[in-house]
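Accompanying notes for the structure given below.
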Amino acid sequence: QDFYPILKSQLFHHIHQQKIKNIVVPTMKETIDLLENHQVISIESMRALILEELAAYQKDLNGSEFTSKDSFYNGDKHVDENRATQIVGERLQSKLQCYGIDFHLEHLMSDNKRCDLTCSKRIHDRQRLLVVEAKGQWNKELYSAIENQLVRQYTIHPDAEKQGIFLVYWFGTQEKLAGLKNTMSSAEELQHDIASKMPVELKGLIDVFVLDVSR
């Protein structure tokens, strides 16, 4: 108890140093490109752009006459994680290829591990890599995948700058949750629950997005 305030201050300083470690101050032109032309000038802006497009995709899935959740189903059964990620990857590529971002499914990483989806772009004469780990709500590793896979296996890549996105597919209350009986009532509730259980040192580095594809 006596050392708690000091240790808390040191932890905050350590987290802050980790987050600003690879920051490159943008030039005036890059700042204008970011604010006015919505250009990708850093891995942070690429992460924000992907999240923005995922949110736009969610709106289309919810109400557009041209976008249907049926793509995520084969008859009465939903598709698996790989097929769902392929659908999402195709959507992102069609919408964001104008930004010079390359998308790859099952990207081979270190130790022959494969990341579900990666987004890459050359920025400041260096390749930047945004890693995305995807899970269906039923997956037993739903709550452990952020640390065990995304952080320990993928965001350690030197081009990833310890940043990534955890993407979850929500198929409704009738589907199991992490291999057990579902206790969540919505995709929003699940997203908040996963994010709230994430270690504090990952805040600002890892984003959680739950895509609602329930009928």
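Yes or no: Val131 under 19 Å from Gln58 (Cα atoms), part of a strand (DSSP E or B) and hydrophobic (A, V, I, L, M, F, W, C)?
So Val131 fails the test.
Any idea which residue in segment 174-215 is nearest to Leu49 (Cα to Cα), counting only those that are of a type in the set (Asp, Glu) and open to solvent by 50 Å² or more (accessible area, probe 1.4 Å)?
Per the stated criteria, the residue is Glu188.
Search segment 142-192 for residues being in contact with a Leu (Cβ under 8 Å, 6 or more places away or on another chain) and among the aromatic types (Phe, Trp, Tyr), and hand back the single one that is farthest from Phe72 (Cα to Cα).
Taking the candidates together, the pick is Phe166.
List pairs: first residue in segment 51-78 and of a type in the set (A, V, I, L, M), second residue surrounded by 10 or more Cβ atoms within 10 Å (Cβ to Cβ) and in a loop (DSSP other than H, G, I, E, B) anywhere in the structure, Cβ distance under 6 angstrom, at least six positions apart or on different chains.
Leu61/Thr67
Considering only residues that are within 25 Å of Lys176 (Cβ to Cβ), of a type in the set (S, T, N, Q) and within 17 Å of the chain's Cα centre (by Cα), look in segment 53-106 and name the one that is surrounded by the fewest Cβ atoms within 10 Å (Cβ to Cβ).
Asn82
Looking at segment 103-123 only, could you name the residues that are of a type in the set (A, V, I, L, M) and either at pLDDT 90 or above or not in a strand (DSSP E or B) (or both)?
Hits for segment 103-123 are Leu105, Met109, Leu117.
Of the conditions (1) touching a helix residue (DSSP H, G or I) at 6+ places or on another chain (Cβ under 7 Å); (2) surrounded by fewer than 21 Cβ atoms within 10 Å (Cβ to Cβ); (3) modelled with pLDDT under 90, Pro158 fails just one. Which one is it?
It is condition (1) that Pro158 fails.
The values are calculated or read from the model by the stated rules, or taken from the named source; none is laboratory data. Remember, it's a predicted structure, so these values are computed and weren't measured experimentally. Because the Cβ atoms are built from the backbone with ideal geometry, glycine has one as well, and the counts that use them run over all protein chains shown. The area values use the complete protein model at the heavy-atom level, side chains included, leaving out ligands, DNA and RNA. Shrake-Rupley method; radii C 1.70, N 1.55, O 1.52, S 1.80 Å.
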